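Note sheet for the following structure.
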There are 2 protein chains.
Amino acid sequence: MTTVGQPGGDTPGGTEQAWLAAYDPRAFAPIAVTVDVVALTIRQRADGGGKALHVLTIRRGGMPYEGFRALPGGFVRAAEDEDLGQAAVRELAEETGLSALGAAGEGGAPEADSAPSDAPAPRLHLEQLGTYGTPGRDPRMRVVSVAYLAFAPDLPEATAGGDAAAAAWLPVDALDPSELAFDHARILADGLERARSKLEYTALATAFAPPEFTISELREVYETVWGEPLHAGNFHRKVLSAPGFVEDTDTTTARGGARGGRRARLYRAGGASLLHPALLRPSREENQ
Amino acid sequence: MTTVGQPGGDTPGGTEQAWLAAYDPRAFAPIAVTVDVVALTIRQRADGGGKALHVLTIRRGGMPYEGFRALPGGFVRAAEDEDLGQAAVRELAEETGLSALGAAGEGGAPEADSAPSDAPAPRLHLEQLGTYGTPGRDPRMRVVSVAYLAFAPDLPEATAGGDAAAAAWLPVDALDPSELAFDHARILADGLERARSKLEYTALATAFAPPEFTISELREVYETVWGEPLHAGNFHRKVLSAPGFVEDTDTTTARGGARGGRRARLYRAGGASLLHPALLRPSREENQ
DNA sequence: GCAATAGTGTCTCTTAGACAGTATGAG
DNA sequence: CTCATACTGTCTAAGAGACACTATTGC
């Protein structure tokens, strides 16, 4: 500690005062850290209008934004040495009862993808989305919120372990952004864009599908997340041409479509996490 | 506040205790929030070995990790209503004296790209990289660190406004990861991978180049960041075929290469932020 | 002149997308 | 049989990469 003015680093460290403050954050950084989760799944619309991308929301029971919908989330439990990703899993479990899920892809960095190692099909994909800490985003105090993005296959009603009245899956296209508390509309929008983009170059679409699925079901995942129809024949060929995307089970569905049709072959998720070649979205007009 | 058990949301809100705690985080979440910056630039190696990708580091002057190198960073100043991105800019300015830079691309989400609006060439690109909050990453207390990634053109020596002895640009390939404090080796690795990946599908390579540059200089950026040589002819054609990537200035360099050669045409950054088609890295073998 | 650098032409292979055709099963 | 769904063949256009060639300049 000689001529150092602002060594910075992970702590203040510079002046003696700042150094001491580092040992007592209570006197230095009154910032709360929370975790919010954008949990996405594909399920039937409640009004029977076919399948749609749904996001898990809870209804707020207190001020501020009382009565608004919000993303599930809550404080990181620092006293229990809880990791950020663990906190996200816990919040999700409290709202949906989906515990005992092998959360894949958890890591400090948002881009860190899961290496499936040996588990054939991780049941839940979780990745860091981003951190939102604009002053004033919570009217009460300074809150920095680490947002996570979760991809889940169709789950039981979102109330098993949590509060039945508050939690609900809502179709993202029928959700009024102004209905969401805090800056959760922004977080949701970022999560949706990330999800849509990730389907292009990763095999994560399988995380929305049951353990065994047909190519048509996989296509439905893409169509639902991207919100546009895809050419069935070309999609089929492209999926099978990407090595490791899907793996043949040598079985077929028990019967064809409701109104006739051939039995479809069943596949499970393959070992690859990155798609090569990628499945790019159509309709990417001009940029800028 | 009727039957709600775990409304969650952005705050505890559930029980009365938790609700009250939300108003006094000092008693609830003793977590410090810091910002760390992975600042990258391309500059001449000190030993004369050509150009290389450099990262800005400081030398720690206090415990823990005294004498180690670390990424510039420090506490978010909650009392001053400082945004996370502002904190990153401030830390960078304190170490390098590069103030008055139009920081582009700042936002809550890491993927949010800058819309250059009307400024022709933003001088510094800044984006959120990810948040690192594993318990124990700082031996003294619970620290959650929001990491930012900055791309800068070749800057004056990294000491203008800060501490001359502590700050230094180091070539990333000559940096021993175990020389870095905390989990900064991991953060740096994530930042490098993000940078390499972003060159593929965005026009950010121009952020490493001077306001006017030749195609060869742009190619040198790619070669330096990716660490592999590119085919000059094909690169040339691909850059010019991506609309909005570069814009012709109708001028050329004053003279050709040192050992002869044609004068090169000068370009400036175009309006596009996303490249179409993308410039993919070679050597992406098999995945998984 | 020669060597070096900038830039273009052209060929082949792969992929995307359009479209049409075949295979199979439910009613 | 008819229609729906699964799957395959084929053609065209565009991009990637290899390679060769032309253009221009310093020495």
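The values are calculated or read from the model by the stated rules, or taken from the named source; none is laboratory data. Remember, it's a predicted structure, so these values are computed and weren't measured experimentally. Virtual Cβ from ideal backbone geometry, glycine too; neighbours counted across all protein chains shown.
Note on the range A:257-267: among residues that are assigned to a loop (DSSP other than H, G, I, E, B) and within 6 Å of DNA strand D (Cβ to nearest atom), the one that is nearest to the chain's Cα centre (by Cα) is A:Ala264. Total residues in the range A:228-247 satisfying the condition of being away from chain B (no Cβ under 14 Å), more than 9 Å from DNA strand C (Cβ to nearest atom) and touching a Leu at 6+ places or on another chain (Cβ under 8 Å): the figure is 1. Within this structure, A:Tyr148 passes the test of being assigned to a strand (DSSP E or B), surrounded by 17 or more Cβ atoms within 10 Å (Cβ to Cβ) and more than 8 Å from chain B (Cβ to nearest Cβ). Exactly one residue out of B:Ala189, B:Ala167, B:Ala272, B:Ala205 is in contact (Cβ under 8 Å) with a residue 24 or more places away in the chain and under 30 Å from B:Gly73 (Cβ atoms), and it is B:Ala167. In a residue-by-residue description of the range A:162-184, the property of being surrounded by 16 or more Cβ atoms within 10 Å (Cβ to Cβ) and among the acidic types (Asp, Glu) applies to at least one position.
Criterion applied to A:Glu247, A:Glu285 was being more than 11 Å from DNA strand D (Cβ to nearest atom), at pLDDT below 95 and of a type in the set (Asp, Glu), and the one residue passing it is A:Glu285.
Scanning the range A:60-91 for residues that are of a type in the set (Lys, Arg) and under 17 Å from B:Tyr132 (Cα atoms) returns a single hit, A:Arg77. Restricting to the range A:47-81, what's the tally of residues that are part of a loop (DSSP other than H, G, I, E, B), out of contact with any Leu (no Cβ under 9 Å at 6 or more places or on another chain) and more than 7 Å from chain B (Cβ to nearest Cβ)? So the count comes out to 9. For the range A:206-226, the condition holds for no residue, the condition being that it is within 14 Å of chain B (Cβ to nearest Cβ), surrounded by 16 or more Cβ atoms within 10 Å (Cβ to Cβ), more than 13 Å from DNA strand D (Cβ to nearest atom) and not in a helix (DSSP H, G or I).
Condition first: of a type in the set (D, E, K, R) and more than 8 Å from DNA strand C (Cβ to nearest atom). Can you find one or more residues in the range A:256-270 that meet it?
yes
The conditions of being within 14 Å of chain B (Cβ to nearest Cβ), farther than 27 Å from A:Val146 by Cα and within 15 Å of DNA strand D (Cβ to nearest atom) are not met by A:Ala272. Every test in (1) assigned to a helix (DSSP H, G or I); (2) more than 14 Å from DNA strand C (Cβ to nearest atom); (3) of a type in the set (S, T, N, Q); (4) more than 23 Å from the chain's Cα centre (by Cα) is passed by B:Ser283 save one, and that test is (1).
Could you say whether any residue in the range A:136-144 is modelled with pLDDT of 75 or more and away from every other protein chain (no Cβ under 13 Å)? Scanning the range A:136-144, I find no residue that is modelled with pLDDT of 75 or more and away from every other protein chain (no Cβ under 13 Å), so the answer is no.
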